[in-house]
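The values are calculated or read from the model by the stated rules, or taken from the named source; none is laboratory data. Because the structure is a prediction, the values reported are computed rather than measured. As a convention, Cβ positions derive from the backbone with ideal geometry for all residues, glycine included, and neighbour counts pool all protein chains shown.
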Amino acid sequence: MTRNINSSDPAPHKSLKSALALTLTLLAGPIIADPAADYTEFCVECHGADRLGGVGPALIPQTLRRMRGPKVAHVISEGREATQMPGFADLLDPPAIEALTAYLKTPLDSVPPWNEAEITASREMNPDYTPAETPIWPSDPLNITLAVETGDHHVSVLDGDTFEVLARFPTPFAVHGGPKFDPKGRFVFIMSRDGWVQKYDLYALQEVGRIRAGLNARNIAMSGDGKWVAVANYLPNTLTILSTDDLSVAKVLDIKGKDGTDSRVSAVYQAPPRESFVLALKDVPEIWEVFYGDNPPQFGFAHDWRDEGPAHTDIPFPVRKITTPDYLDDFFFDQSYEYVMGASRSGDGGQVIDLVIGQKVADLDLPGMPHLGSGITWAWNGTTVMATPHLKDGVISVIDMQTWETVKQIKTQGPGFFMRSHENSKYVWADVFFGPNRDKMHIIDKETLEIVHTLQPVKDATVAHVEFTRDGAEALVSVWEDDGAVIVYDANTLEELRRLPMRKPSGKYNVFNKITFSEGTSH
Ligand code: DHE
């Protein structure tokens, strides 16, 4: 392992390592790169000892196949924008980075199979679980808010009226994406990047069980009827459908495009009015719909349909494959779920696909890597607008959902990750997740589309992600640090009301806002 010695290391341990490398180099001459050792030292914590993923994705040829040429080496060297991947150019010199790149592109001796049998074998139901038909606590069950604390992998269950922490329970390692509630708001399903899905009973404040639905997963979606949870996997290339009742496996769907190309699933979304799950695919220019209702619609587009083989239950989960003009990664739906807005994988622009006719109906002017998954909508000037932050540019795009034209680009103090509002609020809250102004939170007037206030809750601390209480009266903001907090604001006066200490809180999720599909939250 060789190190750069001229870097100005910000972290003391890095400087120490550089000095040690220099000493070793002087004593023993040039050191031959040892990618396996470098992997163990720098990558294992996030990507797993077996390279099958953890907080970070699996680093094997199957998941790196789109990163041709110098792309992998560049990410190792410089880090990856909009993710937690740091750059290692100050710790690894170019030959070491090249060797590590080659190491990551070397196939594993074997990727463990992860099909129905393995998934089923991983299922652990809590033997001590005692169901509660009504809440064992006195608060409003629809005003419960969950706060995911990624600092120590826990979830806090907050009473939305008093902000008392009713329970704090451990989750699987590295939760990603929003937990999903059943339609009644009693059970919640939580997913970790390494594919575990946990079921928790909010009435009983107990874990029901967990199962590893994939080796490297992206997110989960709940069916509109509450019977199924779909798990989008990068590894293997599958969609796992679980019964919400007992977490048993209902189906494992292999993801192969129309031409037989295997694909990772970027994300799965629920489309309740269509009784379908909608899949964004990473490696083929297609959108899939997987139907769970008894009577899947007949569109008359026979070429869109493919028989996916025998189902594992009597629910067939038929699949519709829609070819799209581009690879689309990140989706936002209109409230009717007929139209899906997708961002181009290149990060430049987007498209609107009409799911009824299975065709592109519009292009979107969305440069700078829009983060459509964080989009929200509201009524504006006789139409409905959708607003989305951009991960690369300090701008928020506001799009008219009738004409699909951009009506405004609101300039911000840096690229943002999340946005939130509420039907009862006149404001949109938008963070500035990246860059020197990550301690800022913009407050945007929904009518004038102007930033009317910028909060700075804790100087130099990352503040991000907002959730409202059920009635929209308070807004909860994460101070996204290990010794962080959730700050409760009066959503009208913007006055700070409470500060609840938490370990790196990320997303917060209010039961009512989620199960009613509030236009102010991502779905
Ligand atoms: Fe996320 C949601 C994809 C990096 C925290 N993120 C989502 C969703 C998708 C997505 C598709 C919607 C899923 C859902 O809720 O069902 N995220 C991606 C990426 O592709 C990206 C950029 C790269 C990656 O590594 O996967 C990415 N995300 C991150 C982070 O680095 C964040 C900040 C920290 C972390 O936990 O990894 C992060 N993502 C979140 C959160 C949500 C989320 C908190 C849920 C937001 C919500 O309000 O619903």
Worksheet item: Just checking, which of 185, 257 is more than 15 Å from the ligand (Cβ to nearest atom) and within 17 Å of residue 147 (Cα to Cα)?
Response: 185
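Go over the candidates 430, 362, 379, 387 one by one and state the one that is part of a strand (DSSP E or B) and without any contact (Cβ under 8 Å) to a residue 24 or more places away in the chain.
Details: 430 fails: without any contact (Cβ under 8 Å) to a residue 24 or more places away in the chain; 362 fails: without any contact (Cβ under 8 Å) to a residue 24 or more places away in the chain; 387 fails: without any contact (Cβ under 8 Å) to a residue 24 or more places away in the chain.
It is 379.
How about the stretch 260-291: which of its residues are within 16 Å of the ligand (Cβ to nearest atom) and of a type in the set (D, E, K, R)? Lay out the reasoning, then the answer.
From the stretch 260-291, those within 16 Å of the ligand (Cβ to nearest atom) are 263-272, 276-283, 287-288, 290; that's our starting set.
264, 282, 283, listed by residue number.
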Worksheet item: crowded, with 20+ Cβ neighbours inside 10 Å, in contact (Cβ under 8 Å) with a residue 12 or more places away in the chain and farther than 30 Å from residue 212 by Cβ: does that describe residue 60?
Response: no
Worksheet item: Could you say whether any residue in the stretch 205-213 is in contact (Cβ under 8 Å) with a residue 40 or more places away in the chain and within 13 Å of the ligand (Cβ to nearest atom)?
Response: no
Response to the item:
Over the stretch 185-218, the set of residues polar (S, T, N, Q) and under 19 Å from residue 130 (Cβ atoms) is 198, 206
Item to complete: Being in contact (Cβ under 8 Å) with a residue 60 or more places away in the chain, more than 18 Å from residue 246 (Cβ to Cβ) and assigned to a loop (DSSP other than H, G, I, E, B) is the filter here, so list the residues in the stretch 113-153 that pass it.
Response: 113, 114, 115, 134, 135, 136, 137, 140, 150, 151, 152
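Of the residues 148, 157, 165, 175, only one is crowded, with 17+ Cβ neighbours inside 10 Å and more than 16 Å from the ligand (Cβ to nearest atom); which? Reasoning before the result, please.
Working: 148 fails: more than 16 Å from the ligand (Cβ to nearest atom); 165 fails: crowded, with 17+ Cβ neighbours inside 10 Å; 175 fails: more than 16 Å from the ligand (Cβ to nearest atom).
It is 157.
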Worksheet item: Going by the structure shown, is residue 426 buried (at least 19 other Cβ atoms within 10 Å of the Cβ) and over 21 Å from residue 269 (Cα atoms)?
Response: no
Worksheet entry | Condition broken by residue 402, with the remaining ones in (1) surrounded by fewer than 19 Cβ atoms within 10 Å (Cβ to Cβ); (2) assigned to a strand (DSSP E or B); (3) in contact with a Ser or Thr (Cβ under 6 Å, 6 or more places away or on another chain) satisfied | (2)
Worksheet, complete the sentence: Cβ pairs under 8 Å, 6+ apart or interchain, first in the stretch 79-107 and more than 18 Å from residue 58 (Cβ to Cβ) and outside the structural domain of residue 462 (by TED's automatic domain parsing), second part of a helix (DSSP H, G or I) and of a type in the set (Phe, Trp, Tyr), ordered by first then second residue, are 88/42; 91/42; 92/42
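Among 83, 120, 134, which is surrounded by fewer than 17 Cβ atoms within 10 Å (Cβ to Cβ) and under 22 Å from the mean Cα position of the chain (by Cα)? Let's see the steps before the verdict.
Details: 120 fails: under 22 Å from the mean Cα position of the chain (by Cα); 134 fails: under 22 Å from the mean Cα position of the chain (by Cα).
So the residue among 83, 120, 134 that is surrounded by fewer than 17 Cβ atoms within 10 Å (Cβ to Cβ) and under 22 Å from the mean Cα position of the chain (by Cα) is 83.
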Worksheet item: Which residues, counting only those in the stretch 96-112, are among the β-branched types (Val, Ile, Thr) and either within 26 Å of the chain's Cα centre (by Cα) or in a helix (DSSP H, G or I) (or both)?
Response: 97, 101, 111
Worksheet entry | Residue, farthest from the ligand (Cβ to nearest atom), within the stretch 450-477, restricted to residues that are under 28 Å from residue 408 (Cβ atoms) and of a type in the set (D, E, K, R) | 450
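Taking the stretch 487-496 as the region of interest, how many residues are among the hydrophobic types (A, V, I, L, M, F, W, C) and surrounded by fewer than 13 Cβ atoms within 10 Å (Cβ to Cβ)?
Matching residues across the stretch 487-496 total 0.
Residues checked against (1) assigned by TED's automatic domain parsing to the domain that holds residue 173; (2) within 26 Å of residue 187 (Cβ to Cβ); (3) more than 12 Å from the ligand (Cβ to nearest atom); (4) in contact with a helix residue (DSSP H, G or I) (Cβ under 7 Å, 6 or more places away or on another chain):
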{"position": "479", "(1), (2), (3), (4)": "no, no, yes, no"}
{"position": "486", "(1), (2), (3), (4)": "no, yes, yes, no"}
{"position": "505", "(1), (2), (3), (4)": "no, yes, no, no"}
{"position": "508", "(1), (2), (3), (4)": "no, yes, no, no"}
{"position": "516", "(1), (2), (3), (4)": "no, yes, yes, no"}
{"position": "519", "(1), (2), (3), (4)": "no, yes, yes, no"}
